[in-house]
Amino acid sequence: MTSAWFGNPKAPGRSRPGRAQSAELAFRLHALLGGTPAYLEMSGGSPPSSTADFDDWVARWLLNPASAMFREGSLLLREESSISDPTSYAATLAALSAGNRRRSEIASALGRPSSALGHLLSGLRDIGLIDQVDDALREKRSMYRIAEPVVRFHQLLIQRHEPELVIGRAGRVWAGSADTVAGKIYGPHFEDLAREWCFEHADPETVGGVAARVRPTEIACREHRQGHEIDIVVTESPSFSAERITAIGEAKGTNTAMNVPHLQRLEHLRGLLPAAKVGPLPKLLLFGRSGFTERLRRAADARVDVELVDLDRLYTGS
């Protein structure tokens, strides 16, 4: 269940933050807390009035041991009667929150064999705390993502810094966690929202067809002798025809505007796609939380196969 108060993107015309600052504020709130309506009252009853007030609001309502939100991220797991070993499940959530998305990565972080993770991952999926995301190009290769942002926030900030937070150092903890928040929270969340937008809200003209599935993948590259991650692979399933790729995309949730090299990288990756899975020239989608340089905008304006999606379009356009 989602709420516009926490910035969940809606279909065009239903939720319009309007200005860039409003979209940025909505994104930050949704990245930290998700869209559970009850969290409004648990966070003081109202959001910060602007991005300028955001840091103080986080310290006052999310990192304050006296706030109702302080332990919410741990209670979601511990209150589940079906979870018999909360410690092991919490460790799995911690590994996921730290950026370990593949089963092998999670197993390595936990010091367990991959075969021993089945019940932990399925248990967390059953109670809605994580999602399994299939690979767009390879069967039986999945990644996992935190489905409840408040759990990720608890694992990365509250649990790790609780002694400091208890003695009133919320402002210092928040400021010192800027890299963690940017890389482990805002970045992955922006990718998730970009995939959601492509599937639920984007026009067929934007993504090159009717999106049947939107997934990430990793593709091998002989030139660079490594695999390249593709954040967004949009596929269409025409009647009586095989699934085909209609668009690929990259999503950057950083504070730096995307530039022409991002487009060039995406063009390179398009050339690596398996020919059997590609229809007409797949579109190239660039999602930039901090927008795009003028040079990139000019390059995109001159082409029909490139779409630029900033936060404002993510929240209000299709």
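The values are calculated or read from the model by the stated rules, or taken from the named source; none is laboratory data. Predicted model, so just to flag it, every value in this text is computed and none were measured. Glycine also receives a Cβ, built like all others from the backbone with ideal geometry; neighbour counts cover every protein chain displayed. What goes into the accessible areas is simple: the full protein's heavy atoms, side chains included, and nothing from ligands, DNA or RNA. Shrake-Rupley method; radii C 1.70, N 1.55, O 1.52, S 1.80 Å.
The number of residues in the range 42-77 being of a type in the set (G, A, S) and assigned to a helix (DSSP H, G or I) comes to 4. Sub-8 Å Cβ pairs linking a first residue in the range 260-280 that is farther than 18 Å from V207 by Cα and open to solvent by less than 40 Å² (accessible area, probe 1.4 Å) to a second residue that is in a helix (DSSP H, G or I) and small (G, A, S), at least 6 apart or interchain, are V260/A299, ordered by first then second residue.
When W61, W57 are screened for being of a type in the set (F, W, Y) and open to solvent by 20 Å² or more (accessible area, probe 1.4 Å), only W61 passes. For T256, the test of being within 19 Å of E196 (Cβ to Cβ) and at pLDDT 95 or above is failed.
One residue is enough: does the range 140-160 have a residue meeting the conditions more than 23 Å from the chain's Cα centre (by Cα) and over 21 Å from L32 (Cα atoms)? If you could, list the steps in order and put the result at the bottom.
The first filter runs over the range 140-160 and keeps only residues more than 23 Å from the chain's Cα centre (by Cα), leaving none.
Taking every residue of the range 140-160 in turn, none turns out to be more than 23 Å from the chain's Cα centre (by Cα) and over 21 Å from L32 (Cα atoms).
Of all the listed residues (V214, V151), the sole one being under 23 Å from S104 (Cβ atoms) and crowded, with 22+ Cβ neighbours inside 10 Å is V151.
For the range 205-220, the condition holds for no residue, the condition being that it is of a type in the set (D, E, K, R) and under 30 Å from H161 (Cβ atoms). Screening the range 281-310 for residues that are part of a helix (DSSP H, G or I) and more than 21 Å from R195 (Cα to Cα) and picking the one that is least open to solvent (accessible area, probe 1.4 Å) gives L296. Only residues that are within 10 Å of L63 (Cα to Cα) and open to solvent by less than 50 Å² (accessible area, probe 1.4 Å) were counted across the range 163-189, and they come to 5.
Determine, yes or no, whether S82 is assigned to a helix (DSSP H, G or I), farther than 28 Å from E229 by Cβ and either open to solvent by 50 Å² or more (accessible area, probe 1.4 Å) or modelled with pLDDT under 95 (or both).
Here the answer is no, as S82 does not meet what is asked.
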